[in-house]
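Read the structure below first, then the notes.
Values quoted throughout were computed directly from the atomic coordinates according to the rules given, and no laboratory measurement underlies them. Quick caveat: nothing in here was measured; it's all calculated off a predicted structure. Heads up, the Cβs are rebuilt from the backbone with ideal geometry, glycines too, and the neighbour counts pull from every protein chain shown.
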Amino acid sequence: MTAGNRAASEAGRDRAPGAVNNPRRIEARLLAGAVVLTALAGTLLGWSVAPDLPPAAIITGVALAVIAIVAHVTVRYAAPDADPALLPLAFLLNGLGLVFVRRVDLAAGSDLAAAQMVWTAVTVGAMCVALLFVSSVRPLARYQYTFGLLTIVLLVLPVVPGISAGVINGAQLWIDLFGMRFQPGEIAKLTGVLFLAGYLARNRDVLSVATQRIGPLLVPAARHLAPVFVASIGAMVIMAQLRDLGSALLFFGTFIAMLYVATGRLAYPALGGVLFAVACYLAYTFFAHVRVRVNIWIDPWTDVQGSAYQLAQSLFALGTGGLTGTGLGLGRPQDVPFSATDAIFVVIGEELGLLGATAVLVAFLLLVARGLRIAQTARDEFSTLLALGLTVTFAFQTFVIVGGLTRLVPLTGITLPFVSYGGSSLLANYLIIGVLLRISDESRGAARGREPRASSPPARKRAVAREEAAAKRRARNTQQVTSDGDRQDDWTDGP
C-alpha cells in the first residue's frame, strides 16, 4: 500500500459512520485527560506534605489547562487534520515533568517548577506561532545550506566571549542572553535535521548509486558525499570539544538513520558503525572524562562516593522504588545529583516504581510511533526525511538518557524530552511537535481532498514551479549517475 493510499484509508476511518470523525475532538479529549492526570498527580504530591488542598496543584492544573486550550484552538485553525495524539502525549509528559520538578523543589528547597511553567507557556506559544506562519514545510527545503550554517553557528555560540556562560558541570553549552541562560545546541538539533533532510531529499538519487571505487568498496562520488559528511562530522566534533558527547551521539545516530532511509543502502549504517567504533576509541584515548564515564559504567561500585556517585545513587533509587514505588512525595530525590534535569527519570522510577516508569516509556514509545507513521504517510521526500529525523531524535535522546541512568550505556548528560527541567529543551521539543503536526496535517488534509491554506493562484503557481524544478533536478541527477563511468550497484563487488 502506498503512502497516499495509507493516508486516504486513515482519513476514511476518521469519517466512518459511528466513529469519532473529527481528529480535533479526539485531541480535545486526550488533552483533557492529560491535564486531569497532571492535576491529580500534583494533588497527591501536595497531600504528601500537608492535608489541605495544595494551591500549587490547583495553579499548575489551571495554567496547564489554559495553555492546552490555546494550543488546541491554534491547531484546530492552523492544522485541522493533524495527528490528534501528538499534542496530548507532549502535554502528558510535560505535565508529569512539572509535577516531578515540583517534587524536587520540595526536597531541595528550590523553585524550579514556577520557571518551568513559564517556559511551558512560552514554548507552546512559539509552537503556535510557527503553526500559524508556516503553512507548509516543503519551502524550507530551499534553505538547506542556511540551516546547515545556522547549526554550526548555534553550536559555536557557547564559546563566544561576552555571551558565553563558561564551563558549567564540566561542559560549555550555555549562553547568557538578556539575563536568561539558554542552550543553543538544543535548537541546533532541529536545524541540523532540517539541513540533512533538505540535502538528502535533493541528492538521494546520486547518493543511492555507487560510482567511485575505494579499495573493495564502491561509493558515491565524493562531491556528493562531501557536503553532508563535512557538515555532520564538523557539528559532532564541535559537540565533542564542548564535552556534549550525548548530543554528538544523538546527532550521529540521527544522521545515519536519515542517510539509510534516503538511500536504502545498508553500506551507510555499516560504515557508520565502523566510524562510531573509531570515534569511541579516539574519544576514550584522548578525553579523560570519557575514560571516567566508561570506567564507572563498567563498575560503578569502585568509586561510589566519587566519580560514580550520580550513577550509584540512581541505581539505589530505582532499586528502592521496586515495582510500585515509594509513593509520590515519599522518595529522596535530594540524594541524586541533577535530579531535576539529567536524572528526573530516576525520581519517577523511585516514587512510581517500575510500573510508573514503564508508563512514561510507553508514552514516549507512542510519541515515536506516531512520528514514524507521519513520516510514512508524508507527501514528499523532504517531509518524510524531516519527520523521520525529528522522530529519531526523540527516540535516541530518550534511549541515551534512560539507558545511561539504568547502566545500559555509559551515562551522558542530556535531558529527557518534555520531562526534564530546562527552557531550551522545551522550546526545541515543542517546535519539533509543531513541525510534525504540520507534516501530518498536509498529508491527511490532502487525503481528504482539502485545499491547502495558502492556495491562492500565485501560491499554486509557485508550487507548480517548484515541482517542475524538482523534476528537472531529478532528471539531471539520473543523467549524471548514468554518465559517471563504470559502476556497480553492489558496493562490495570486486573489480
* Which residue, chosen from GLY192, ALA395, LEU31, occupies the Cα position most advanced towards the positive end of the dipole of segment 3-455, where the dipole is computed from +1 (Lys, Arg) and -1 (Asp, Glu) charges on Cβ about the Cα centre? -> GLY192
* Name the residue farthest towards the positive end of the dipole of segment 302-459 from the options ILE439, VAL362, GLN313, assuming +1 on Cβ of Lys and Arg, -1 on Cβ of Asp and Glu, about the Cα centre. => ILE439
* LEU112: net charge of surrounding residues, Cβ under 11 Å, Lys/Arg +1, Asp/Glu -1, itself excluded? -> 0
* **Sum of side-chain charges, PRO88 neighbourhood, beta-carbon under 15 Å (Lys, Arg +1; Asp, Glu -1)** => +3
* To do: Pop out the ³J(HN,Hα) list for segment 369-386 in order, Karplus 6.51 cos²θ - 1.76 cosθ + 1.60 with θ = phi - 60°, rounded to Hz; leave Gly and Pro as x.
  => 4, 5, x, 5, 5, 5, 4, 5, 9, 5, 7, 8, 5, 4, 5, 4, 5, 5
* Structure fact -> Scalar couplings 3J(HN,Hα) for segment 346-353 by Karplus 6.51 cos²θ - 1.76 cosθ + 1.60 (θ = phi - 60°), nearest whole Hz, x for Gly and Pro, are 5, 4, 4, x, 6, 8, 10, x
* Asked: Got the relative contact order for segment 3-455 handy, in percent, Cα pairs under 8 Å and 6 or more residues apart?
  -> 23 percent
